[in-house]
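Undergrad: Quick one: the structure is below, questions incoming.
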Amino acid sequence: MDNNIKQLRGSAEWKANDNITIKVGSDYTKYSVDTASNATFLLVNVPITNLDLQFVDSVNPDVFPKIPIYRVEDFLDIVRAQNLFTITPPQFNGVQEETYGGYFTLTMKGELGGRPIRANAGLRYEKTNVEGSSVREGLVGFRYFNAQGLQPVFDGTVAAQTLTSDYEQWLPNFAVSYEPFDKFLMRGAFSKTIARSSISAMFPGTTISGRPGGPFNASQGNPGLLPYASDNLDFSLEWYYRPGSYVSVGAFQKWVSNFIGAVRLTGPISNAAGNPITDPSVNPRPGCPENGSAPNPACVSQPGDPVVTFDISSTGNLRDASVRGLEAAVQHVFGDTGFGVILNGTLVDGNISYDVYDVSGSTFALTGLSNSANAVVFYEKNGLQARVSYNWRDKFLLGFAGAGEPVFTEAYGQFDVSASYDVTDNLTVFAEGLNITNESTRRHGRFKEQLIDYETYGARYSLGVRAKF
């Protein structure tokens, strides 16, 4: 993968007086991503009696009692000896975005009812041109490779597919803060923001896979995706009741349009010659399925074979959604002792929920949405800083895997510790420990029993020195 970003920026500021400041600016960004990928082998059926395969005890026996250990190169040697090692032609994908932008902001401060008030208003304009490209050999069809698998076959002729799109956005924002009483602050803001989709979702190429009798799956990118657009409303109240100590509560609402999600279609897919891809395993010809690295033409899709109906996964802009939430935070410093605590939490909800019992294939849902909380105990005095923190996040829908199946990340919390000491104004020594209780991350399918991923990295510790020159 190769990423490149080029940017040009320019800005100007005019301070009309002590209470009014105006800023204007423009920018240009060119962002490009190029990737290359290929598969070394597909589904194979080989004897592994000569493979040095061992099962060792797991560090988490409640999840995986045993873990298989073997050398990958030894397994590949077995595949090569059976003449089943294949390398699919590489596929090159790329996306290039050019964004032209300009903005205007006005900052004002003064008094309302004899109390301080500050406001900021602005407007940003963006125009983005998108070009997605895929370069790969032309697709011929399927090869009836063995009783368990079908393998895509390519014609050896490299061709490029390029799709373009563009969009523009006006992004206003307004924020105001007002101090109606001493040590008490009120804030309110409205803004419109955008967030682009993942780069991989914009690659225009098509990939296929299948097994004899199905299922047949395909995936296609969509360079025409519009970015998420969100209208945001935020309010908060803050009370600074003593130096270094405060209490704050807030509420927010977000109206999200151009929501990006998985789109599922069914239908045929054409090969490089414009003909629908067919299934050579339904009425196999003599000598099929085969077991060799070079395709037997008799085992490759023919026009007389049944046309394949694919489950096609892509990404598209779906209907609108909204998110709302409450936030609260407390920081308290215990006089001049240097000790203090920080507590904060967020409750969040949306108007779209995902029903795990719905197997219709719908993938419109609010991903990444969950409650969270953090607690910190700290000490800061005489050049010594020390912190113990606990960070927790509730279960959330991570996204969707193949065939639109949901993936959930289970609730997770971890303890972290850190300490540092300023030896001099320019020299600091520090130490930190992350996940010191060795917590693990679990992801599952529709139900908790459908374990998909289990990640454990153990506790991580570091020591270091920071110096300023």
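Undergrad: Would you pick out the residues in region 220-246 that are at pLDDT below 85 and either assigned to a strand (DSSP E or B) or hydrophobic (A, V, I, L, M, F, W, C) (or both)?
TA: The one that is at pLDDT below 85 and either assigned to a strand (DSSP E or B) or hydrophobic (A, V, I, L, M, F, W, C) (or both): Gln220.
Undergrad: Could you grab me the full set of residues in region 1-35 that are within 30 Å of Arg136 (Cβ to Cβ) and in contact with an Asp or Glu (Cβ under 9 Å, 6 or more places away or on another chain)? Before you say what the answer is, go through the steps one by one.
TA: Taking region 1-35 first, the residues within 30 Å of Arg136 (Cβ to Cβ) are 1-6, 29-35.
Result: Met1, Asp2, Asn3, Asn4, Thr29, Lys30, Tyr31, Ser32, Val33, Asp34, Thr35.
Undergrad: Within the group Val465, Val417, which residue is surrounded by 14 or more Cβ atoms within 10 Å (Cβ to Cβ), part of a strand (DSSP E or B) and touching a residue at least 12 places away in the same chain (Cβ under 8 Å)? Can you show your working first?
TA: Working: Val465 fails: surrounded by 14 or more Cβ atoms within 10 Å (Cβ to Cβ).
Residue meeting the stated conditions: Val417.
Undergrad: Output the residues belonging to region 117-159 that are β-branched (Val, Ile, Thr) and touching a Pro at 6+ places or on another chain (Cβ under 7 Å).
TA: Quick first cut of region 117-159, residues β-branched (Val, Ile, Thr) only: 117, 128, 130, 135, 140, 153, 157-158.
Val130, Val153 - these are the residues of region 117-159 that are β-branched (Val, Ile, Thr) and touching a Pro at 6+ places or on another chain (Cβ under 7 Å).
Table: residues versus (1) part of a strand (DSSP E or B); (2) in contact with a Ser or Thr (Cβ under 9 Å, 6 or more places away or on another chain); (3) closer than 30 Å to Thr99 by Cβ.
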{"residue": "Phe145", "(1), (2), (3)": "yes, yes, no"}
{"residue": "Leu150", "(1), (2), (3)": "yes, yes, no"}
{"residue": "Asp155", "(1), (2), (3)": "yes, no, no"}
{"residue": "Gln161", "(1), (2), (3)": "yes, yes, yes"}
{"residue": "Trp170", "(1), (2), (3)": "yes, no, yes"}
{"residue": "Val176", "(1), (2), (3)": "yes, no, yes"}
{"residue": "Ser191", "(1), (2), (3)": "yes, yes, yes"}
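Undergrad: Taking region 435-451, which residues are loosely packed, with under 15 Cβ neighbours inside 10 Å and not in a loop (DSSP other than H, G, I, E, B)?
TA: The answer is Thr441, Leu451.
Undergrad: If you don't mind, another one. Let me spell it out: the conditions are (1) farther than 30 Å from Ser245 by Cβ; (2) at pLDDT 95 or above; (3) open to solvent by 60 Å² or more (accessible area, probe 1.4 Å), and Glu432 meets all of them except one. Which number is the exception?
TA: (1)
Undergrad: Given the structure, is Leu171 under 31 Å from the mean Cα position of the chain (by Cα), under 27 Å from Val308 (Cα atoms) and not hydroxyl-bearing (Ser, Thr, Tyr)?
TA: Answer is no for this residue.
Undergrad: If we scan region 90-103, do we find a residue that is in a loop (DSSP other than H, G, I, E, B), touching a strand residue (DSSP E or B) at 6+ places or on another chain (Cβ under 7 Å), modelled with pLDDT under 90 and exposed (fewer than 15 other Cβ atoms within 10 Å of the Cβ)? Working first, answer last.
TA: Looking only at region 90-103, we keep the residues that are in a loop (DSSP other than H, G, I, E, B), and these are 90.
Next, from what is left, pick out any that are touching a strand residue (DSSP E or B) at 6+ places or on another chain (Cβ under 7 Å): 90.
Those still in the list that are modelled with pLDDT under 90 too: 90.
Next, from what is left, pick out any that are exposed (fewer than 15 other Cβ atoms within 10 Å of the Cβ): 90.
There is at least one residue in region 90-103 that is in a loop (DSSP other than H, G, I, E, B), touching a strand residue (DSSP E or B) at 6+ places or on another chain (Cβ under 7 Å), modelled with pLDDT under 90 and exposed (fewer than 15 other Cβ atoms within 10 Å of the Cβ).
Undergrad: Checking Ser191 against (1) crowded, with 19+ Cβ neighbours inside 10 Å; (2) over 21 Å from the mean Cα position of the chain (by Cα); (3) closer than 24 Å to Val256 by Cβ; (4) small (Gly, Ala, Ser), which test does it fail?
TA: Every condition holds for Ser191 apart from (1).
Undergrad: Give Arg319, Arg285 a once-over and let me know the one that is among the charged types (D, E, K, R), assigned to a loop (DSSP other than H, G, I, E, B) and open to solvent by less than 70 Å² (accessible area, probe 1.4 Å).
TA: On the way: Arg319 fails: open to solvent by less than 70 Å² (accessible area, probe 1.4 Å).
Just a single option satisfies the conditions, and that option is Arg285.
Undergrad: Let me ask another. Do you know which residues across region 148-170 are closer than 29 Å to Ile194 by Cβ, in contact with an Asp or Glu (Cβ under 7 Å, 6 or more places away or on another chain) and open to solvent by less than 80 Å² (accessible area, probe 1.4 Å)?
TA: The answer is Thr162, Gln169.
Undergrad: Something else: Select from region 237-269 the residues that are of a type outside the set (A, V, I, L, M, F, W, C), under 29 Å from the mean Cα position of the chain (by Cα) and on the phi < 0 side of the Ramachandran plot and list them in ascending order. If you could, list the steps in order and put the result at the bottom.
TA: Kept after step one, since they are of a type outside the set (A, V, I, L, M, F, W, C), are these residues of region 237-269: 238, 240-246, 248, 250, 253-254, 257-258, 261, 264, 266-268.
Pick out the ones that are also under 29 Å from the mean Cα position of the chain (by Cα) and you get 250, 253-254, 257-258, 261, 264, 266-267.
Hits for region 237-269 are Gly250, Gln253, Lys254, Ser257, Gly261, Arg264, Thr266.
Undergrad: Can you tell me which of Ile69, Ile48, Ile78, Ile87 is open to solvent by less than 40 Å² (accessible area, probe 1.4 Å), out of contact with any Phe, Trp or Tyr (no Cβ under 6 Å at 6 or more places or on another chain) and modelled with pLDDT under 95?
TA: Working: Ile69 fails: open to solvent by less than 40 Å² (accessible area, probe 1.4 Å); Ile48 fails: open to solvent by less than 40 Å² (accessible area, probe 1.4 Å); Ile87 fails: open to solvent by less than 40 Å² (accessible area, probe 1.4 Å).
Being open to solvent by less than 40 Å² (accessible area, probe 1.4 Å), out of contact with any Phe, Trp or Tyr (no Cβ under 6 Å at 6 or more places or on another chain) and modelled with pLDDT under 95 holds for just one of Ile69, Ile48, Ile78, Ile87, which is Ile78.
Undergrad: Can you find a residue that is part of a strand (DSSP E or B), under 30 Å from Val308 (Cα atoms) and not aliphatic (A, V, I, L, M) anywhere in region 196-208?
TA: To start, the set of residues in region 196-208 that are part of a strand (DSSP E or B) comprises 206-208.
Narrowing the set further to residues that are under 30 Å from Val308 (Cα atoms) leaves 206-208.
When the remaining residues are screened for being not aliphatic (A, V, I, L, M), the result is 206-207.
Yes, some residue in region 196-208 is part of a strand (DSSP E or B), under 30 Å from Val308 (Cα atoms) and not aliphatic (A, V, I, L, M).
Undergrad: Right, here's the next one. How many residues, within region 322-336, are in contact (Cβ under 8 Å) with a residue 24 or more places away in the chain, open to solvent by less than 70 Å² (accessible area, probe 1.4 Å) and farther than 22 Å from Ala195 by Cβ?
TA: 6
Undergrad: Any idea which of (1) farther than 18 Å from Phe259 by Cβ; (2) surrounded by fewer than 16 Cβ atoms within 10 Å (Cβ to Cβ) is the one Arg387 doesn't satisfy?
TA: (2)
Undergrad: Would you please name the residue that is farthest from Gly156 (Cα to Cα), looking only at residues in region 225-282 that are of a type in the set (A, V, I, L, M, F, W, C), crowded, with 17+ Cβ neighbours inside 10 Å and in contact with a Ser or Thr (Cβ under 8 Å, 6 or more places away or on another chain)?
TA: At the first step, the residues of region 225-282 found to be of a type in the set (A, V, I, L, M, F, W, C) are 225-226, 229, 233, 235, 237, 239, 247, 249, 251-252, 255-256, 259-260, 262-263, 265, 269, 272-273, 277, 282.
If we keep only those that are crowded, with 17+ Cβ neighbours inside 10 Å as well, we get 225-226, 229, 252, 256, 259-260, 262-263, 269, 277.
Subsequent filtering for residues that are in contact with a Ser or Thr (Cβ under 8 Å, 6 or more places away or on another chain) retains 225, 229, 256, 260, 262-263, 269, 277.
Values: Leu225: 31, Ala229: 42, Val256: 44, Ile260: 35, Ala262: 31, Val263: 31, Ile269: 19, Ile277: 17 Å.
Of everything passing the filter in region 225-282, Val256 is farthest from Gly156 (Cα to Cα).
The values are calculated or read from the model by the stated rules, or taken from the named source; none is laboratory data. This structure is a prediction, so every number in the text was calculated from the model and none was measured. When we count neighbours, we look across all protein chains shown, and the Cβ atoms used for this are built from the backbone with ideal geometry, even at glycine. Just the protein is used for accessible areas: all its heavy atoms, side chains included, with ligands, DNA and RNA removed. Shrake-Rupley method; radii C 1.70, N 1.55, O 1.52, S 1.80 Å.
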